[in-house]
1. Would you point out the residue of the stretch 214-248, among those that are of a type in the set (Gly, Ala, Ser) and at pLDDT 95 or above, that is farthest from Val110 (Cα to Cα)?
2. Exactly one condition in (1) within 28 Å of Phe228 (Cα to Cα); (2) within 21 Å of the chain's Cα centre (by Cα) is false for Ser141; which is it?
3. How many of the residues in the stretch 216-257 are among the charged types (D, E, K, R) and farther than 22 Å from Tyr79 by Cβ?
4. Given the residues Glu161, Glu200, which is the only one that is over 23 Å from Arg93 (Cα atoms) and either modelled with pLDDT of 95 or more or over 18 Å from the mean Cα position of the chain (by Cα) (or both)?
5. Can you find, within the stretch 11-67, the residue that is nearest to the ligand (Cβ to nearest atom) among those that are part of a strand (DSSP E or B), of a type in the set (A, V, I, L, M) and touching a Leu at 6+ places or on another chain (Cβ under 9 Å)?
6. Give the residues of the stretch 74-120 that are farther than 25 Å from Ala181 by Cβ and among the aromatic types (Phe, Trp, Tyr), sorted by residue number.
7. Going by what's in this entry, would Lys220 be described as touching a residue at least 12 places away in the same chain (Cβ under 8 Å) and under 14 Å from Leu45 (Cα atoms)?
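The values are calculated or read from the model by the stated rules, or taken from the named source; none is laboratory data. No experiment lies behind these values; they were computed from the predicted model shown. As a convention, Cβ positions derive from the backbone with ideal geometry for all residues, glycine included, and neighbour counts pool all protein chains shown.
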Amino acid sequence: MKHSSDVVSALPRREVPCYLCGRDDPALVFRQEPYRVVRCRGCGLVYTLPRLSPEELLAMYQTAYWTSAQAKDFGYTDYLRDRDLYLRTYRLRRELITRRKPRPGRVLEVGSAAGFFLAVMQEIGWECHGVELSRSMAETSRELFGFEHVQAGTLADASFEPRSFDVVAFWDVIEHLEDPAWHLARARALLKDDGLLVLETQNVESRFARLMGRRWQHYKMAEHLYHFAPATLEKLLARAGYVIEENTPRRGGKKVSIDFMVERIGRIHPLLSALCRPLRLIGRVALYVNLFDEMIVVARKGPQ
Ligand SMILES: [Zn+2]
């Protein structure tokens, strides 16, 4: 398997039609060689072309993804170092679930990474299951939190009892998947009839995304294959057999460090980053930042 940094420098070659409607003459949104962000003229889905091979896409999520020196384009700067911030972020989001399901049950997270979301569910007595593509991250989560049911691999490799989960979560995952409807439909089969799907993905039609244009932080060309908006996300979820109960940008924020803020501000203009640099003396202080450019969705099983 290739090393992740080789994957980022690999040349994407695949042109694909619109995932949602099959139309094949998209309008150009902008170009960032060798990639293009395009919008389907039929259904409005925004997606990135061309695409790496399926093998290269899989290889991207191994170790180097989680400590990327190029996080602007690919991966995370240092995912594990930000542990406390992620735990605090997920404690806020957890309320979306506990408000509807006050009693502990069984939760599955697809793309469970270092297990931060599962850890906050475990804190309140839930039985936690996870599937994580990166073998080392799956192992890390088992070491950090003692999980017994986190498997390395994909949802297709994993074996779970049908209708056995109260909640299935996809945090920042569906935009990375070539076939998100398949994964969501698979999750539907694993959910109990009154089960909840919770997911987060970025909103390409949000005010902040429009303001930032091509500098929007979610245009990670190699890894974010799709940029959903409320209408295209609704279409995707309907195809997979769900009805949306809530779609909100609230709780879409993240607890972040000042260091992170300075890095993000630097993307707007390098001079702004220089002006903010003295703030790094208090770099570990956490702020809650919500740019209202995420969609946090709670959905239930609909007719299929
Ligand atoms: Zn389309």
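1. At the first step, the residues of the stretch 214-248 found to be of a type in the set (Gly, Ala, Ser) are 222, 229, 231, 238, 240-241.
Now narrow it down to the ones that are at pLDDT 95 or above: 229, 231, 238, 240-241.
On the way: Ala229: 21, Ala231: 23, Ala238: 19, Ala240: 16, Gly241: 18 Å.
Ranking the candidates gives Ala231 first.
2. The number of the failed condition is (1).
3. Taking the stretch 216-257 as the starting set, the residues that turn out to be among the charged types (D, E, K, R) are 220, 223, 234-235, 239, 245-246, 250-251, 254-255.
Keeping just the survivors that are farther than 22 Å from Tyr79 by Cβ gives 234-235, 239, 245-246, 250.
The number of residues fulfilling the criteria is 6.
4. Values: Glu200 fails: over 23 Å from Arg93 (Cα atoms).
Step by step, each of Glu161, Glu200 is checked, and only Glu161 is over 23 Å from Arg93 (Cα atoms) and either modelled with pLDDT of 95 or more or over 18 Å from the mean Cα position of the chain (by Cα) (or both).
5. In this case the residue turns out to be Val38.
6. Scanning the stretch 74-120 gives Tyr76, Tyr79, Tyr86, Tyr90, Phe116.
7. Values: touching a residue at least 12 places away in the same chain (Cβ under 8 Å): yes; under 14 Å from Leu45 (Cα atoms): no.
So Lys220 fails the test.
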